[in-house]
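Below is one structure, written out as structure tokens; comments come after it.
The values are calculated or read from the model by the stated rules, or taken from the named source; none is laboratory data. This one's a predicted model, so the numbers in the text were calculated from it and none came from an experiment. Positions of Cβ are backbone-derived with ideal geometry, glycine not excepted, and every protein chain shown enters the neighbour counts. Side chains are part of the model used for accessible areas, which takes the heavy atoms of the whole protein and leaves out ligands, DNA and RNA. Shrake-Rupley method; radii C 1.70, N 1.55, O 1.52, S 1.80 Å.
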Amino acid sequence: MPTLDFLVRKTDLTLTRVREREDMPLAPGQVRVGIDAFALTANNVTYASFGDAMGYWQFFPSGEAEWGSVPVWGFGRVLQSTHPGVAVGERLYGFFPTASQAVLTPGKLTPERITDASPHRAELAAVYNQYFRCASDALYTADTEDVQALLRPLFITSWLIDDFLGDNGFFMDGADAPGSRPVAVLSSASSKTAYGTAFALAQRGQVDVVGLTSEPNRAFCESLGCYTRVLGYGELAQLDAQAPTVYIDFAGNGELRRRLHERLGGLRYSMVIGNTHVDQRAPQGEAKTLPGPRPTFFFAPAQIKKRTAEWGTEAFGQRLAQAWRAFTARATDPARPWLRVARHAGPEALAAVWQEAREGRGDARCGHIVSLKTPAA
Ligand SMILES: NC(=O)c1ccc[n+]([C@@H]2O[C@H](COP(=O)([O-])OP(=O)(O)OC[C@H]3O[C@@H](n4cnc5c(N)ncnc54)[C@H](OP(=O)(O)O)[C@@H]3O)[C@@H](O)[C@H]2O)c1
């Protein structure tokens, strides 16, 4: 059965194409997974835009130097297996290529997870090489696969950002007036990772959570109820310059970050998370020239490591599961959902969704789920 690959030109993310290729027979110890559906958000565009710098093109080599397969999060089923520990029919959640099928080489197996031990992935971040076995995954429910694919890889970061900031006392210091409230300013406030973070921060009840967004997404952000205030990108003058503030940057917009650093004398921490404003990235080295704290990339695995050492792996998992359930219950509340799933099938639909995600022009309430599965697969 041929595999459909959706490829993006590495040096020009506006260019895409579809390729069909005959499948190679499996080597001993491999499995072929039929990818049923995956989510596509700005996060995947960021993977592509940092494809060379951060190794994202290396997960699923296309075999063509100029073209890459963008990694996506989704669900699949084992179609063929030459591995004694993985049965045909098993359902998996994890990191897949934008394709209809993928070949994995399971290494370490536990009842909960399969680690892909393909040599080309050995040097890449371990978190992306693990596939959750749905039958024994604590966060899995069969009727919420779309929401899991969309929100799960994002919410874990949201939850860890909130935890990291709380763990560091929001970088307040002894000079702050007793009882003064920290302020968290989030860019691209309409993004799923930002509003997941705002949801977690708001639950603390002691942080002012300010969302920065573009005009078309202002009403959406205001409707969420987890932002204390929502401001446009041109309204930074409304921020209290002296309040103890942390900046959580999902937009990665260099000009915006400079304006914030220049305005906020009370800025205590500047956290680099994403780059939704893909065409407005800061020039290299610019961070060093900013007034205030040096922007710092948030390395989620470090916080996972710290907390699993402090709490234990089981308690870490339980806390995450509890937070995940609270967040998804709110985000998918049928009476007033934050997220509406839109399903798409086939390469043409995927090409359109890709362009929409890349340009950031879609409805912020919409979460796209795509399938490239061929009818026979
Ligand atoms: N470091 C990590 O571990 C980590 C983990 C998860 C996510 N992230 C990052 O967080 C960011 C958000 O990802 P997401 O999947 O949550 O996003 P999303 O839900 O798809 O967010 C869409 C929003 O991003 C903004 N946007 C997207 N493309 C844009 C463009 N071309 N120009 C201007 N604005 C654009 C718009 O928000 P506004 O109008 O509000 O600006 C848009 O509503 C990504 O950069 C992602 O890589 C990082």
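Results for (1) open to solvent by 10 Å² or more (accessible area, probe 1.4 Å); (2) away from the ligand (no atom under 16 Å from the Cβ); (3) under 15 Å from SER191 (Cα atoms); (4) in contact (Cβ under 8 Å) with a residue 60 or more places away in the chain, shown as yes or no for each residue.
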residue: ASN217; (1), (2), (3), (4): yes, no, yes, yes
residue: GLY232; (1), (2), (3), (4): no, no, yes, no
residue: VAL246; (1), (2), (3), (4): no, no, no, yes
residue: LEU260; (1), (2), (3), (4): no, no, no, yes
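Would you check which residues across region 356-377 are out of contact with any strand residue (DSSP E or B) (no Cβ under 8 Å at 6 or more places or on another chain) and open to solvent by less than 40 Å² (accessible area, probe 1.4 Å) and list them?
Selection gives ALA364 alone.
Please enumerate the residues belonging to region 265-295 that are open to solvent by 50 Å² or more (accessible area, probe 1.4 Å), of a type in the set (S, T, N, Q) and within 16 Å of the ligand (Cβ to nearest atom). Please lay out each step first, then the result.
Looking only at region 265-295, we keep the residues that are open to solvent by 50 Å² or more (accessible area, probe 1.4 Å), and these are 265, 268, 279-281, 283-284, 288-289, 291-292, 294.
Subset that is of a type in the set (S, T, N, Q): 280, 284, 289.
The one that is open to solvent by 50 Å² or more (accessible area, probe 1.4 Å), of a type in the set (S, T, N, Q) and within 16 Å of the ligand (Cβ to nearest atom): GLN280.
For region 355-365, check the following and say yes or no: at least one residue is more than 12 Å from the ligand (Cβ to nearest atom) and under 21 Å from the mean Cα position of the chain (by Cα).
Applying the first criterion (more than 12 Å from the ligand (Cβ to nearest atom)) to region 355-365 yields none.
No, because not a single residue in region 355-365 is more than 12 Å from the ligand (Cβ to nearest atom) and under 21 Å from the mean Cα position of the chain (by Cα).
Go through region 170-188 and count every residue that is part of a loop (DSSP other than H, G, I, E, B), open to solvent by less than 20 Å² (accessible area, probe 1.4 Å) and out of contact with any Lys or Arg (no Cβ under 9 Å at 6 or more places or on another chain).
Step one: list which residues in region 170-188 are part of a loop (DSSP other than H, G, I, E, B), which gives 172-182, 187-188.
Applying the additional criterion that residues be open to solvent by less than 20 Å² (accessible area, probe 1.4 Å) yields 182, 187-188.
Pick out the ones that are also out of contact with any Lys or Arg (no Cβ under 9 Å at 6 or more places or on another chain) and you get 188.
Selection size over region 170-188: 1.
Could you grab the pairs with beta carbons closer than 7 Å, sequence gap of 6+ or different chains, first residue in region 88-113 and among the acidic types (Asp, Glu), second one surrounded by fewer than 19 Cβ atoms within 10 Å (Cβ to Cβ) and assigned to a loop (DSSP other than H, G, I, E, B)?
GLU112/ASP137
Pick from region 1-48 the residues that are of a type in the set (Gly, Ala, Ser) and open to solvent by less than 30 Å² (accessible area, probe 1.4 Å): which of them is farthest from ALA345 (Cα to Cα)?
Filtering region 1-48 down to residues of a type in the set (Gly, Ala, Ser) leaves 27, 29, 34, 37, 39, 42, 48.
Cutting the leftovers down to open to solvent by less than 30 Å² (accessible area, probe 1.4 Å) gives us 29, 34, 37, 39, 48.
Working: GLY29: 31, GLY34: 14, ALA37: 9, ALA39: 12, ALA48: 21 Å.
Top of the filtered list is GLY29.
For region 86-101, which positions are surrounded by fewer than 21 Cβ atoms within 10 Å (Cβ to Cβ) and not in a loop (DSSP other than H, G, I, E, B)?
ARG91
Collect the residues in region 53-72 that are modelled with pLDDT of 95 or more and open to solvent by 30 Å² or more (accessible area, probe 1.4 Å), keeping them in residue-number order.
Scanning region 53-72 gives GLN58, PRO61, GLY63, GLU64, ALA65, GLU66, TRP67.
Taking region 108-167 as the search range and keeping residues that are in contact with a Cys (Cβ under 9 Å, 6 or more places away or on another chain) and assigned to a helix (DSSP H, G or I), which one is most open to solvent (accessible area, probe 1.4 Å)?
ALA142
Of the conditions (1) surrounded by 14 or more Cβ atoms within 10 Å (Cβ to Cβ); (2) away from the ligand (no atom under 16 Å from the Cβ); (3) of a type outside the set (Val, Ile, Thr); (4) within 21 Å of the chain's Cα centre (by Cα), GLN322 satisfies every one except a single condition; which number is it?
Here GLN322 meets the rest and fails (1).
Could you run through region 219-230 and say how many residues are within 13 Å of the ligand (Cβ to nearest atom) and assigned to a loop (DSSP other than H, G, I, E, B)?
1
Identify the single condition in (1) in contact with a His (Cβ under 9 Å, 6 or more places away or on another chain); (2) farther than 17 Å from ALA184 by Cβ; (3) more than 9 Å from the ligand (Cβ to nearest atom) that LEU256 does not satisfy, given that it satisfies every other one.
That leaves (2) as the condition not met.
Of everything in region 44-63, what is part of a loop (DSSP other than H, G, I, E, B) and more than 15 Å from the chain's Cα centre (by Cα)? Give them in sequence order.
Within region 44-63, the subset part of a loop (DSSP other than H, G, I, E, B) is 50-55, 59-63.
Within region 44-63, ASP52, ALA53, GLY55, PHE59, PHE60, PRO61, SER62, GLY63 qualify.
Within region 340-355, can one find any residue that is among the polar types (S, T, N, Q), at pLDDT 95 or above and touching a helix residue (DSSP H, G or I) at 6+ places or on another chain (Cβ under 9 Å)? Step through it out loud before you land on a result.
Of the residues in region 340-355, the ones among the polar types (S, T, N, Q) are 355.
Okay, now just the ones that are also at pLDDT 95 or above, so 355.
If we keep only those that are touching a helix residue (DSSP H, G or I) at 6+ places or on another chain (Cβ under 9 Å) too, we end up with none.
Checked against the condition, which is being among the polar types (S, T, N, Q), at pLDDT 95 or above and touching a helix residue (DSSP H, G or I) at 6+ places or on another chain (Cβ under 9 Å), region 340-355 yields no hits at all.
Here's a check for you: in region 77-115, which residue that is among the hydroxyl-bearing types (Ser, Thr, Tyr) and out of contact with any Phe, Trp or Tyr (no Cβ under 6 Å at 6 or more places or on another chain) is nearest to ALA345 (Cα to Cα)?
My answer is SER100.
Just to check your reading of the model, which residue among THR313, THR332 is at negative phi, β-branched (Val, Ile, Thr) and either open to solvent by less than 50 Å² (accessible area, probe 1.4 Å) or under 19 Å from the mean Cα position of the chain (by Cα) (or both)?
Working: THR313 fails: either open to solvent by less than 50 Å² (accessible area, probe 1.4 Å) or under 19 Å from the mean Cα position of the chain (by Cα) (or both).
Testing whether each residue is at negative phi, β-branched (Val, Ile, Thr) and either open to solvent by less than 50 Å² (accessible area, probe 1.4 Å) or under 19 Å from the mean Cα position of the chain (by Cα) (or both) leaves just THR332.
Is it the case, given these coordinates, that ALA202 is more than 16 Å from the ligand (Cβ to nearest atom), part of a helix (DSSP H, G or I) and either among the aliphatic types (A, V, I, L, M) or open to solvent by less than 20 Å² (accessible area, probe 1.4 Å) (or both)?
Values: more than 16 Å from the ligand (Cβ to nearest atom): yes; part of a helix (DSSP H, G or I): yes; either among the aliphatic types (A, V, I, L, M) or open to solvent by less than 20 Å² (accessible area, probe 1.4 Å) (or both): yes.
Spelling it out, ALA202 is indeed more than 16 Å from the ligand (Cβ to nearest atom), part of a helix (DSSP H, G or I) and either among the aliphatic types (A, V, I, L, M) or open to solvent by less than 20 Å² (accessible area, probe 1.4 Å) (or both).
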